[in-house]
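Take a look at the structure below.
The values are calculated or read from the model by the stated rules, or taken from the named source; none is laboratory data. Being a predicted model, the structure only gives us computed values, none of them experimental. Cβ sites come from the backbone with ideal geometry, for glycine too, and all protein chains shown count toward neighbours.
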Amino acid sequence: MRLILILTASFLLTSCGQMLVQPALPLIDNSIEKLNRETDLKKAEKTVTGNLKILQRMIKIDPKNAQLQTYAAQGLYGLAYGFREDSQPQVASDLYLRGMRHGVTALQLNGANNLLGSTIADFNKQVSGMRKSDVAAMFWTASNWGKWIDMHRDDPDALAQLPRATALMQRVIELEDTFYYGGAHMYFGVYYGSRAPTIGGNFKKSRAYFDHARKITNGKLLIPDLLQAQYLARQEFNRKEFHQLLSGVVNAPDNLMPELGLQNQIAKRKAAALLKRENEWF
């Protein structure tokens, strides 16, 4: 990991840095893969923040590189969700917003036009024309956007943006529903499970989306169980399911899915924190 960062940083110090950005992208892919296997959360946090600093330097050199913008959206989401949301919510909110903007920039570099300033009709029309090559940018844009909206549920202006984030994630479902371990299905599990049916919630759909997400990883990724407990079980006031799901996450083997060891360790930490609030919510 350190070697990858040193090599990447050295590219930034050359006079022809922009020409070397593209060859450096596989190093970033390799860095992400190794990071996903890291189970030491303190070490992972340091790595994420360090990688993001390097990414920002690379973006300054090559601001029109859509792949770099997408990596930044992914990295900011990871830092916010994994290491800031529970302890520093305002910081996390700002990170999600930054991540969303990087994702939108990536989509616009790929051909979209004025996504944030367009009418909803024009936005949906543009999204319907996006291709499989846009899936990563759509997914990380919508992920950041959806989380930012979730953190501002009392703000009508924020809630008014939800159809745009949802349109992007729906397009991900249409083009590549298994992308990032079924993350789009988790989005819709939360989307339908976090609201009462009177305001657009649908508990049956929510459960089906979470089940589908679990199938994609054979139940080895713990995030679907975490989210189902956090959103659907709470909304249904189902204390038994809430407790069972979160206890299952906390007690799951550490080597359940080595290639996503970091995500599972984050899920375990979040599940333990939620269990401490069980008596408060039920």
Picked from the stretch 210-220 (must be in contact with a helix residue (DSSP H, G or I) (Cβ under 6 Å, 6 or more places away or on another chain) and closer than 14 Å to Phe179 by Cα), the residue surrounded by the most Cβ atoms within 10 Å (Cβ to Cβ) is Ala213
Subset of the stretch 99-122 (residues that are assigned to a helix (DSSP H, G or I) and buried (at least 20 other Cβ atoms within 10 Å of the Cβ)): Gly99, Met100, His102, Gly103, Val104, Thr105, Ala106, Leu107
Can you find a residue that is at pLDDT below 95, out of contact with any strand residue (DSSP E or B) (no Cβ under 9 Å at 6 or more places or on another chain) and farther than 29 Å from Arg101 by Cα anywhere in the stretch 184-196? yes
Across the stretch 223-251, which residue is nearest to Arg195 (Cα to Cα) among those that are within 22 Å of the chain's Cα centre (by Cα) and of a type in the set (Gly, Ala, Ser)? Ala233
How many residues does the stretch 230-273 hold that are outside any helix (DSSP H, G or I) and over 22 Å from Ser206 (Cα atoms)? 7
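What do you reckon, is Leu76 surrounded by 20 or more Cβ atoms within 10 Å (Cβ to Cβ) and modelled with pLDDT of 95 or more? Don't jump to the end; show me each part of the working.
Working: surrounded by 20 or more Cβ atoms within 10 Å (Cβ to Cβ): yes; modelled with pLDDT of 95 or more: yes.
So Leu76 passes the test.
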Cβ pairs under 8 Å, 6+ apart, first in the stretch 75-94 and among the charged types (D, E, K, R), second surrounded by fewer than 19 Cβ atoms within 10 Å (Cβ to Cβ) and assigned to a helix (DSSP H, G or I): Arg84/Val91; Asp86/Ala273
Checked against (1) in contact with a Phe, Trp or Tyr (Cβ under 7 Å, 6 or more places away or on another chain); (2) over 21 Å from Tyr180 (Cβ atoms), Lys204 satisfies every condition except (1)
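Let's see how each residue does on (1) in a helix (DSSP H, G or I); (2) modelled with pLDDT under 95:
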{"site": "Gln22", "(1), (2)": "yes, yes"}
{"site": "Asn51", "(1), (2)": "yes, yes"}
{"site": "Asp86", "(1), (2)": "no, no"}
{"site": "Leu97", "(1), (2)": "yes, no"}
